[in-house]
Amino acid sequence: MNAETQNSISQPQSWWCSIQSCGGMTATDRRNYRRFNYWALAWAFSFVASHLVLEEIVTQEVMVFVILTIPTFLTLFALRAYARFFRLADELTQRIHLEGIKIGFCTGLFFLPPIWLYKQAGGPSLEMLAFSGMILGFSIGLILAARRYR
């Protein structure tokens, strides 16, 4: 065992490194995951900006279509980058991310039906709460799986 491997084994990972699965990723995995994170951040900012613009400024149908299209295309690029990362990652990294996806998906299944029923009963639209729960569930799943397998 070389000195670098011994140092990485003996030192506990930070919470941020657990989220990013730093310890076990190859340089290619980190580069592909970083590419996904950039696309995901671009999508998130475009989504928020589109929401704010649609809410305050835009009334023309053509502009509404253009503003709705931008986050949609960024979503495609983010999903494509994540699929590439996942396809090229090693088995342990794939397993950790699959655990995150599992918990995120189950969180969405837990929240969406009651939210839809609440909306049908006259309550406000809370779909973003379910979406946020899915993202949070995915992140928690990554942390738990990284701790379990590392």
**OP:** Test each condition in (1) within 15 Å of the chain's Cα centre (by Cα); (2) at pLDDT 90 or above for Leu144 and report the one that comes out false.
**Re:** (1)
Original post:
Would you say Phe111 is touching a residue at least 12 places away in the same chain (Cβ under 8 Å) and buried (at least 17 other Cβ atoms within 10 Å of the Cβ)?
Top reply: yes
Original post:
Assuming Ser125 fulfils every condition listed in (1) in a helix (DSSP H, G or I); (2) over 26 Å from Ala27 (Cα atoms); (3) in contact with a helix residue (DSSP H, G or I) (Cβ under 9 Å, 6 or more places away or on another chain) apart from one, which condition is it?
Top reply: (1)
Original post:
Do the conditions hold for Ala40, that is, is it small (Gly, Ala, Ser), assigned to a helix (DSSP H, G or I), surrounded by 14 or more Cβ atoms within 10 Å (Cβ to Cβ) and without any contact (Cβ under 8 Å) to a residue 24 or more places away in the chain?
Top reply: no
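Could you please find all residues in the range 71-98 being polar (S, T, N, Q) and under 11 Å from Met25 (Cα atoms)?
The answer is Thr93, Gln94.
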**OP:** Given the conditions (1) surrounded by fewer than 19 Cβ atoms within 10 Å (Cβ to Cβ); (2) touching a residue at least 40 places away in the same chain (Cβ under 8 Å); (3) among the hydrophobic types (A, V, I, L, M, F, W, C), report the number of the one that Leu76 does not fulfil.
**Re:** (2)
Subject >> Selection within the range 1-37 - surrounded by 13 or more Cβ atoms within 10 Å (Cβ to Cβ) and modelled with pLDDT under 80 >> reply: Ser8, Gln13, Cys17, Ser18, Ile19, Gln20, Ser21, Cys22, Gly23, Gly24, Met25
Subject >> Arg148 being part of a helix (DSSP H, G or I), charged (D, E, K, R), assigned by TED's automatic domain parsing to the domain that holds Arg31 and out of contact with any strand residue (DSSP E or B) (no Cβ under 9 Å at 6 or more places or on another chain) >> reply: no
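The values are calculated or read from the model by the stated rules, or taken from the named source; none is laboratory data. The model shown is predicted, which means the values in this text are computed figures rather than measured ones. Positions of Cβ are generated from backbone atoms using ideal geometry, with glycine treated the same way; all protein chains shown enter the neighbour counts.
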